[in-house]
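*Asks:* Dropping a structure here in structure tokens format, bear with me for questions.
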Amino acid sequence: MKKLKFPSAQTILIVIAGLVTLLTWVVPAGEYDNLSYDSEKSTFIRTGPDGSTELPATQETLENLAIKIPLEKFTSGDIYKPISIPDTYQKLDAKPQGVAAFVKSPIRGIIEAADIIFLVLIIGGLIGIMNKTGAFDAGISWLGRVLNGREYLLIILVTTLIAAGGTTFGLAEETIAFFPILIPVFLAAKYDEMVGLACIFLGSAIGSMCSTINPFSVIIASDAAGINWTTGLTGRIIMLLTCLTITIIYILRYAKRVRQDPANSIIYEEKKNEKQHFKSHDESLTLTTRLKIILFIFSLSFIVMIVGVSLLDWWFVEMTATFLVGSVLIGFVGKMKESDFIDSFSKGAGELLSVAFIIGIARGVSVLMDDGLISDTMLFYASSFTEGMNKGVFTNSLLFVYGGLSFFIPSSSGMAVLTMPIMSPLADTVNIGREVIVNCYQYGMGLFYLFNPTGLILASLAIIKVGYDKWLKFVTPLAIILVGVTMLFLTISVYI
């Protein structure tokens, strides 16, 4: 009898979409009213099931709505998404999603996720151009000579740098670009694909989980909770350093076993009979001046992207344009023929087409939940569940509540504006600081993100051709450790 194979990422997401479709028939439909700021008219817009109304943009309006957020957070643009209004949840007529909605959800998801999908495809094209020039091979050979005997530094450096990006400006979707680039480097260092995946994905996850100045996470959540984002900053820095150290040690221990014996790799059986997805680098290539310039342009593309996102309010369109311009410049410096450039670019983009589809299908799951009006219902019952608890039990329960909610609301900024106005007042009832709610939100989302199928992990696994089951086997012990550390930290924080 043939051994059953774990389903692909696409199949997993389609099954999840089917289950969510069934949930819309079981979970009651409901919605909170929300409030947004119209900068052109300088007024608030309250939107609910009965329509929209304009309200004066004053602090008194916010107080009347039980929203404890300073007015300037709206007028300055710090809060730019509609926020939920406390105590306005109401059940609505059910909107169960049928077969037609289920079938159309991947298509609608792909359309809604077009911005990130085009970013992925353009990055794939850039990688194709780089491979054609031979710059990667020459660069990896040079790096191999520099790191000879000190390959562990690669793990520490990559994980730390990406975590720094995650904690400061929310480096997450952008890490998709790093897999085709860095995985061959880890393979050249005699590690396996899992080590490279762990350094990149876990670095981003830990950084985002323990965000310190991330505007898309801790800052917008603190604003929506009505507190200054610096409140609780010291504790988050301690958590960042603690969790990052634990993660790096965990990766290093696994990586050491793989280098000693490749058979110790979790994906050894999965990879030994498979054609090498990432081509072996040519050690005979010399890093010429031309190739150095190409590598400089390539690196500069990422530097420009990071500066643009963190300082110039760039998002997917600008990031995508940056990589497109980088591709053209590299083709020019590499003296590539037009036909070779187009062929290499198209081939590179094609390599990541399956990843783009996974991102779209995952977004389709969110479309089903939004159309079925069950996301706010989940939030309502989650907030009701934690009422009246002892503060220690409350805090740790909220950690898991946020982990569960992140399946339905995988966006960190979306989670913040939807839940903070509802959840943060609960802190007052159990006599804890509202920064604890912000921490529960960050840590709960961050821990579940490690294996959340509606997040980025399935797309990341698709790039390196590794099964979701293998990732679960690798990350589960680390997740258990991090959950224990997080619960201990939260418990101490509410009693000291």
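*Asks:* Could you check the spin-label model distance between Asn431 and Phe385? Points 7 Å from the Cα along Cα→Cβ, value in nm.
*Replies:* 2.6 nm
*Asks:* Loop only by DSSP, 10 or fewer other Cβ within 10 Å of the Cβ. Give me the GluC sites (Glu not before Pro) in the range 350-447 that pass, ordered by residue number.
*Replies:* Loop-located and lightly packed - Glu387.
*Asks:* Along the charge dipole of the chain, Cβ charges K/R +1 and D/E -1, which of Ala138, Ile463, Cys210 sits furthest on the positive end?
*Replies:* Ala138
*Asks:* While we're here: How about the range 9-107: which GluC sites (Glu not before Pro) there lie in a loop by DSSP and see at most 11 other Cβ atoms within 10 Å?
*Replies:* Passing sites in the range 9-107 are Glu40.
*Asks:* In addition: Within the chain, which is the longest segment that contains none of the trypsin sites (Lys or Arg not before Pro) sitting in a DSSP loop with at most 12 other Cβ atoms within 10 Å?
*Replies:* Longest stretch, sites excluded: 338-496.
*Asks:* What's the local net charge at Phe302, with K and R +1, D and E -1, over the other residues with C-beta under 14 Å away?
*Replies:* Within the 14 Å Cβ shell, the charges total -3.
*Asks:* To the nearest 500 deg cm²/dmol, what mean residue ellipticity at 222 nm is calculated for the chain from DSSP H runs of n ≥ 4 alone, each contributing -39,500 (n - 2.57), summed and divided by the residues?
*Replies:* Mean residue ellipticity, 222 nm, calculated: -21500 deg cm²/dmol.
*Asks:* Work through the residues other than Gly166 whose Cβ is under 14 Å from its Cβ and net out their charges, Lys, Arg +1 and Asp, Glu -1.
*Replies:* After counting each charged neighbour, the total is -1.
*Asks:* Same structure, new question: By the scheme Lys and Arg +1, Asp and Glu -1, what is the net charge of all other residues having a beta-carbon under 14 Å from that of Asp223?
*Replies:* So the environment of Asp223 carries a net charge of +1.
*Asks:* Kindly express, to the nearest 10 degrees and within the range 0 to 90, the angle between helix 289-311's C-alpha long axis and the longest C-alpha principal axis of the chain.
*Replies:* Value to nearest ten degrees: 0.
*Asks:* Once you have the Kirkwood Rh of the chain from its Cα pairs, apply Stokes-Einstein at 20 °C and 1.002 mPa s and quote D in µm²/s.
*Replies:* Answer, rounded: 89 µm²/s.
All of the numbers you see were taken from the coordinates with simple rules; none came from a lab. Because the structure is a prediction, the values reported are computed rather than measured. Virtual Cβ from ideal backbone geometry, glycine too; neighbours counted across all protein chains shown.
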